[in-house]
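Asks: To start, I am sharing the structure in question, which I have written as structure tokens.
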Amino acid sequence: MVYHEENRLSPPRHPLIDRYGRTHTSLRISVTDRCNIRCTYCMPELDPIFFSRSELLTFEEITRISTLLVNHCGVEDIRITGGEPLVRKDLHVLIERLSAIRNLKDLSLTTNGLLLKNHAHNLMKAGLKRINISLDTLSEEVFKNLTRRTGLKNTLEGIESAIETGFKNIKLNALAIRGITEKEICDLIEYASSKGLLIRFIEYMPLDSDKNWKRGDVLNGDEILKTLAHHFGVVRKIPRPDASQPAEDFLVGDHKVGIIRSVTKPFCDQCNRMRITADGAIRNCLFSNKEVSFKTPMREGATDHELLELFATCISTKEKSHGISNEAFQPPDRPMYAIGG
Ligand code: SAM
Ligand code: SF4
């Protein structure tokens, strides 16, 4: 795929379309690999190696690349993630700059919520449209085992303050891990419902730093559906408004619940996502073992044209599917916190 400079004026002249016809309109940007907790499914307990400050993309660099991708390649939505994005100083300043990009339709954030209470208001003022908050458990003890830290109370306060600040369409994300999540499914659904929020259960993926993931650790979508039927009676599937949306939504009693079967029913055929890591690499898939760095060329004076060529090249090599179900599957070198979930 080639990016032609002469056509660069009106969007989207250079859609990022891969070999399988998938158009990439959704961008996840990791702003840090650091985090204030240490989830077992993501980070190592001890001594994670973090990028140094000079390795991180600056807000100016993130804004430049985002503006190019929105205005020239038809990127429509940006999600800010990490590591924990709220540990990046002055994140609201970046949000303000990104929200000013004409043609950007959606700007959202994924957070563990621990620091949200202090930031929700500034983030909304800066133009953030939506927030997803990770909530795996309602038990402080389980939280402590899962995250190797305390802080469930802070996450719950963060959720409250996002609601009070006026964010709409807040989603809660719960990882589905065998032996941990089964007991909590119904309580988490009732909690989300009581707050008027949607909860989505996400199958645990092989992205943990310690590389302990085993297929048997995944509490899969079918099992979750069985539990829902057992507790709530009839489970009705709600048609997807958008084929690229990874979650399948279900109506159970009065509650709406999402399930993301990333492992057992991958949505690679419809994937429209690409990622930028905190240290300035482009990744065409969570599970990719190849990535293209644009930070060094950018810092050495690459033109807009040259930068967009790097994105086009990276997207053109995207695999058809992540291949978790293949015997030969190898998890990526980077764990989740260093990619940006
Ligand atoms: N720190 C923020 C948070 O936890 O919400 C944002 C970054 S985190 C990497 C983004 C999402 O990835 C979270 O919802 C988290 O639960 C999810 N995640 C982390 N490790 C995962 C894994 N091994 N499999 C599936 N999802 C994972
Ligand atoms: Fe931190 Fe999010 Fe990873 Fe948990 S999942 S360790 S909160 S980056």
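The values are calculated or read from the model by the stated rules, or taken from the named source; none is laboratory data. What you are looking at is a predicted structure, and each value in this text was computed from that prediction instead of being measured. A quick note on method: Cβ atoms are made from the backbone with ideal geometry, for glycine too, and the neighbour counts reach across all protein chains shown. To get the accessible areas, we keep the full protein, side chains included, count just its heavy atoms, and leave off ligands, DNA and RNA. Shrake-Rupley method; radii C 1.70, N 1.55, O 1.52, S 1.80 Å.
Asks: Using a probe radius of 1.4 Å on heavy atoms only, what accessible surface per residue do you get for the chain? Whole Å² is fine.
Replies: I get 45 Å² per residue for this part.
Asks: Ok, one more. Just need the relative contact order of the stretch 258-297 here, percent rounded to a whole number, with Cα pairs under 8 Å and 6+ apart.
Replies: It rounds to 25 percent for the stretch 258-297.
Asks: Now for a separate question. Does anyone have the angle between helix 185-194 and the longest principal axis of the chain? Alpha-carbon axes, 0 to 90°, nearest 10?
Replies: 70 degrees
Asks: Please give the calculated 222 nm ellipticity per residue for the chain, where each DSSP H segment of at least 4 residues contributes -39500 (n - 2.57) and the sum is spread over every residue; nearest 500 deg cm²/dmol?
Replies: -8500 deg cm²/dmol
Asks: Which loop GluC sites (Glu not before Pro) in the stretch 240-341, with loop taken from DSSP, have no more than 11 other Cβ atoms within 10 angstrom of their Cβ?
Replies: The qualifying sites are GLU300, GLU327.
Asks: Please get the size of the charge dipole for the chain, origin at its Cα centre, with Cβ charges of +1 on Lys and Arg and -1 on Asp and Glu, quoted in debye to the nearest 20.
Replies: So the dipole magnitude of the chain works out to roughly 420 debye.
Asks: Continuing with this model, one more query. Order of 40-51, 66-77, 172-183 by packing, highest average Cβ count within 10 Å first?
Replies: Ranked by mean Cβ neighbours within 10 Å, highest first: 66-77, 172-183, 40-51.
Asks: In 20 Å bins starting at zero, report the fraction of Cα pairs in the chain per bin as a rounded %.
Replies: Calculated P(r), rounded to whole percents: 31, 61, 9, 0.
Asks: Putting +1 on Lys and Arg Cβ atoms and -1 on Asp and Glu Cβ atoms, find which of GLY21, PHE50, THR40 reaches farthest to the positive end of the dipole of the stretch 9-50.
Replies: Checking the options against the dipole of the stretch 9-50, the answer is GLY21.
Asks: In a GNM of the chain with a 10 Å cut-off on Cα contacts, which of ASP187, ASP254, ASP18 has the highest mean-square fluctuation?
Replies: So, out of ASP187, ASP254, ASP18, the one fluctuating most is ASP254.
Asks: What number, in percent, do you get for the relative contact order of the chain if the mean sequence gap of Cα pairs under 8 Å and at least 6 apart is divided by its residue count?
Replies: 22 percent
Asks: Still on this model: Positive end of the dipole of the stretch 120-240, charges at C-beta (+1 Lys, Arg; -1 Asp, Glu), about the Cα centre: which of THR137, CYS186, TYR204 has its Cα farthest in that direction?
Replies: Checking the options against the dipole of the stretch 120-240, the answer is TYR204.
Asks: Can you give me the relative contact order of the stretch 1-137 as a percent, contacts being Cα pairs under 8 Å and 6 or more apart?
Replies: Reported relative contact order: 26 percent.
Asks: Additional query: Could you list the trypsin sites (Lys or Arg not before Pro) in the stretch 14-81 that lie in coil according to DSSP, counting only those with at most 14 other Cβ atoms within 10 Å of their Cβ?
Replies: Sites meeting the loop and neighbour criteria: ARG19.
Asks: Next question, about the same structure. Calculate what fraction, in whole %, of the accessible area of the chain sits on carbon and sulfur atoms when a 1.4 Å probe is rolled over the protein chains.
Replies: C and S fraction of accessible area: 51 percent.
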